[in-house]
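Below is one structure; the comments refer to it alone.
The values are calculated or read from the model by the stated rules, or taken from the named source; none is laboratory data. All figures in this text were calculated on a predicted structure; none of them were measured in a lab. Here the Cβ positions follow ideal geometry from the backbone for every residue, glycine too, while neighbour counts run over all protein chains shown.
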Amino acid sequence: MKKFVHVCMTPALIDQFDVSEAIVVVIDILRATTTMCVALDNGAEVIVPVENIETCRSYQEHGFLIAGERSGEQLAGFDFGNSPFSFNRETIEDKKLAITTTNGTRAIKAAQDRNAKAIVVGSFCNITALTNWLIKQNEHVCLLCAGWRDNVTLEDTIFAGALARKLRHNFRRFQDTALVAETLFNSANTRKRYFFRNSSHFQRLIHLELQEEVKYAMRRDTHPVIPIMIGDGLYDISFCQDDFQSYVE
């Protein structure tokens, strides 16, 4: 029997979804979930997503590198901001990382608070690997867009639509949000430059001269890893057991 695929457009709406029997895919294209895929693909041992700045800072005492941003800018005293370009193999391989961001880590916390069956991270850079894995699991899926401070964002919704479209033949849509996201993706797929250049978060990042990071985040399948939450940390799923039930027990 086909499972449902849901789209939750911001963490503020997650209470409307029962995710206790669903895999939640957290989406923050610009830039947290893109950065997390880059860091794990370049050899980070674990990424601990943290909602609070001071809690994240405390991980330094335990040998972690720390990354943090608010409103797109790196936090003072942190090793990194939220740029995917910062997490190269020479810097991050075999290291433990704690990260706090304006929207992405908050969305992960929201999924944890709702007792999601499993939590993984999605971005354009891992979309094919993620699609194939989700189909294999045959579980309900909730695509959780991080948005911007509880507001809907174009880039996260477009990605949710792209993923919903790839899952279409293996899952049933649930609620109109999945159709809305897929329809938006279909429109944006022929006018990418228009949609992304007119999105509010793109404009914020342009103001910070981060347009190259935006371009990088739009590239597909550059980092085919699947970050999955195990306990308090995100790990590359390829280093975990193959049995899905082992992730959620």
(message) Step by step: first the residues of the stretch 131-163, then only those that are touching a strand residue (DSSP E or B) at 6+ places or on another chain (Cβ under 7 Å), not in a loop (DSSP other than H, G, I, E, B) and not hydrophobic (A, V, I, L, M, F, W, C), then the one that is surrounded by the most Cβ atoms within 10 Å (Cβ to Cβ). Which residue is that?
(response) D156
(request) Scan the stretch 111-130 for residues that are surrounded by 24 or more Cβ atoms within 10 Å (Cβ to Cβ) and either under 23 Å from D18 (Cβ atoms) or modelled with pLDDT under 95 (or both) and jot them down. (result) A111, A116, I119, V120, V121, G122, L130
(request) Tell me which of these D94 doesn't satisfy, since it passes every other one: (1) more than 24 Å from I14 (Cα to Cα); (2) acidic (D, E); (3) assigned to a strand (DSSP E or B). (result) (3)
(message) Out of the residues in the stretch 208-236 meeting the condition of being in contact with a Pro (Cβ under 9 Å, 6 or more places away or on another chain) and at pLDDT 95 or above, tell me which one is surrounded by the fewest Cβ atoms within 10 Å (Cβ to Cβ).
(response) D232
(request) Could you grab me the full set of residues in the stretch 164-186 that are surrounded by 17 or more Cβ atoms within 10 Å (Cβ to Cβ) and in a helix (DSSP H, G or I)? (result) A164, R165, K166, L167, T177, A178, V180, A181, E182, L184, F185
(message) All but one of (1) more than 30 Å from D15 (Cα to Cα); (2) more than 17 Å from the chain's Cα centre (by Cα) hold for E73; state the number of the condition that does not hold.
(response) (1)
(message) Considering only residues that are part of a loop (DSSP other than H, G, I, E, B), out of contact with any helix residue (DSSP H, G or I) (no Cβ under 6 Å at 6 or more places or on another chain) and β-branched (V, I, T), which ones fall in the stretch 7-52?
(response) T10, V19
